[in-house]
Amino acid sequence: MQNSLIPLSSGQIPVLHSQQTPTPPSALIPWGWDAGLKIRRVAGYYPDSPVYFERCPDGIGGKCYGAIGNRGGFYTLAYGSFSHKEKVGPTGKLSCIPNEAENPNAPTNRILMEANPSEPVGTPPVQGRCPYFFYWRNHGVGGSPSAYLINDSLSLSQIPAGYGSFYIGLQENLKTYRGTYGGLDHRNRATTPLYEWVDGVRLKLRAKVCFGDKSSDLYRKIRVHTDMTFYNLQHHQGFGVSVNLMDYGVHEGKPSTLPELLREPKVLEYSLAQLHVSGELWNVTPKDLKFTVDRSSDCNLPLENIPFQDVYVPFKTIFERLIAEGKIDPRLTKGAILSSTIVVGLEQWGRNRAEVEISDRSLMIALPPTASNENSFREDAAKSPRFRLKSRG
């Protein structure tokens, strides 16, 4: 999907200014159906798809779909390519099953992405082996679970700059349409807290990139991000932000960076405004939070050799700045519920192998639930039986 830049006024300093004093992380309360990333249950969003994938060792009998119902508490794994066309997601011909390429006899001619219209007529689609991998590991505190994602497009033929991206992400989603499968429950504030409660997200993260024998490519872009989206049932509109934790880019052979702030085109069907911000330029992520570049020819630097970094993302402070700058309607925040998160997303353009591992991730709230908040939500929900919102993948 093409993104449009949001121009920043001259002299604007990329440092957050909140109307309130940010709550220190030590004063916050871990929240959510899986505080600390302890439950190993992840499933694709479309269970009837031929490329459906799940890994649920903590499910019922090792299963999610067919054993755990919608809203039953599990993560979503989204995977697919995002080209000039409508996002295909994991049900379309442009996708494949994660971990498929572990098999040496796996297909190497999957149609992964169509050519951009700006390319000459007859330009072939991008074909190759499936680039997506997902594993549960035990590298968290005291051997607790960690999620390990790989996005590997190194084996593909040259990908021109005009093509789209490959994406894999660990998410939390609601069921939105018939045939979708989501683990969050919009009726339960334990899984979908109110906007006014949420302060941020705490996690441990490590990541690396490798270019192998494609290091001379003139174009590549990679980002690791975490997202949070809210939905207002009364107004039937949502708003969200994607924070780039790490990014790496090369354009025409020269280092490049992703924009400080950009906006995805608004999808009218979902009435969702989604903004992207640079964690580094907005001064909301550690300054030393960077990719480790694996310069070996076979990309064999073990990720476990790289230490985890502690990260706290103050989402509330980010939202407050966007509201103050007129980029989010403040009326939408009253009574809005958390509708989805991207725990960690790995998106890339060009030919790269990127790996990310995350552990000990918790949603953090600054205000405990109250009966009045809960009753207010139930009244809004009763007035708004149709609940549909955007899901990436």
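First check a/c for segment 29-85, with a ≥ b ≥ c the square roots of the eigenvalues of its C-alpha gyration tensor; if it is under 1.5, answer rounded, and if not, answer prolate when a/b is larger than b/c or oblate otherwise. Oblate, since a/c reaches 1.5 and b/c is not below a/b. Computed over protein heavy atoms with a 1.4 Å probe, the accessible surface of segment 203-336 works out to 42 Å² per residue. The share of accessible area on segment 111-221 that comes from carbon and sulfur is 53 percent, using a 1.4 angstrom probe. When the charge dipole of segment 173-294 is built from unit charges on Cβ atoms (+1 for Lys and Arg, -1 for Asp and Glu) and taken about the Cα centre, the candidate among P193, G279, L245 whose Cα reaches farthest toward its positive end is P193. The order of the peptides 180-187, 290-297, 107-114, 145-152 by mean Cβ neighbours within 10 Å, most packed first, is 145-152, 180-187, 107-114, 290-297. Over all other residues within a Cβ to Cβ distance under 10 Å of V344, the charged ones net out to -1, with Lys and Arg as +1 and Asp and Glu as -1. Take 194-205, 352-363 and order them by the average number of nearby Cβ atoms within 10 Å per residue, most first; the result is 352-363, 194-205. Pairs with C-alpha atoms separated by more than 27 Å, drawn from the list K175/K221; K175/K287; K287/K316; K38/K208, are K175/K221; K175/K287.
The values are calculated or read from the model by the stated rules, or taken from the named source; none is laboratory data. No experiment lies behind these values; they were computed from the predicted model shown. Cβ atoms come from the backbone with ideal geometry, glycine included; neighbour counts cover every protein chain shown. The area values use the complete protein model at the heavy-atom level, side chains included, leaving out ligands, DNA and RNA. Shrake-Rupley method; radii C 1.70, N 1.55, O 1.52, S 1.80 Å.
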